[in-house]
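**Student:** The structure follows.
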Amino acid sequence: MLIVIYDEASTNRRISSSTIKAELQSELNITISESTIKRRAHEAGFYGRAARKKPYINRLNLTKRLEYARTYREKPLVFWNDVIWPDESKFNLFRSVGKIMTWRTPEEFNIQCAVPTVKDGGGSVMYWGCFSSSEADNLVFIDKNMTGEVY
């Protein structure tokens, strides 16, 4: 039975113990409590946790990021001394207070264990800044849409 619970939690990280219970009862005719399912999941290394939020990255961007990392990973440290790293961040003023629970082992940022976030709703503020190996610049409040011209 531990293998069945492990398979369920591994396959669908967002499945609830009550759903696993219902599936075991209907498919295998096994009567088991949710507490036992949770205990067995813990024995297999899975713990119910709130899913972590992380920015959504589509497949194309993920591929490009990996390609970039592989291209530049062997560069010496002095190469990076002349690089300025700019970035802008949007901060939502209001966010959802709801949590999505997930079964996971320590890999909290695995795509199956995380909740993708998108930038929308509730109002927001945007800041821009940059840094290099020797210093960081001040944050700049952006009070309009960030277009190429504004950037």
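The values are calculated or read from the model by the stated rules, or taken from the named source; none is laboratory data. Note that this is a predicted model, so its numbers are computed, not measured. FYI the Cβ positions are ideal-geometry reconstructions off the backbone, even for glycines, and counts take in every protein chain you see.
**Student:** Yes or no: Arg59 under 17 Å from the mean Cα position of the chain (by Cα), at pLDDT 95 or above, under 22 Å from Thr11 (Cβ atoms) and not assigned by TED's automatic domain parsing to the domain that holds Glu8?
**Tutor:** So Arg59 fits the description; yes.
**Student:** Cβ-Cβ under 7 Å, sequence separation 6+ or interchain: first residue in segment 124-148 and closer than 15 Å to Pro86 by Cβ, partner in a loop (DSSP other than H, G, I, E, B) and charged (D, E, K, R). Which pairs?
**Tutor:** Gly129/Asp137; Cys130/Asp137; Phe131/Asp137
**Student:** Determine which single condition Ala9 fails, assuming it passes every other condition in (1) part of a helix (DSSP H, G or I); (2) in contact with a Phe, Trp or Tyr (Cβ under 7 Å, 6 or more places away or on another chain); (3) under 30 Å from Met126 (Cα atoms).
**Tutor:** (3)
**Student:** Next question, about the same structure. Which ones in segment 23-44 are within 32 Å of the chain's Cα centre (by Cα), assigned to a helix (DSSP H, G or I) and in contact (Cβ under 8 Å) with a residue 24 or more places away in the chain?
**Tutor:** Across segment 23-44, the qualifying residues are Ile37, Arg40, Ala41, Glu43.
**Student:** Determine whether Lys90 is touching a residue at least 60 places away in the same chain (Cβ under 8 Å) and either part of a strand (DSSP E or B) or surrounded by 10 or more Cβ atoms within 10 Å (Cβ to Cβ) (or both).
**Tutor:** Answer is no for this residue.
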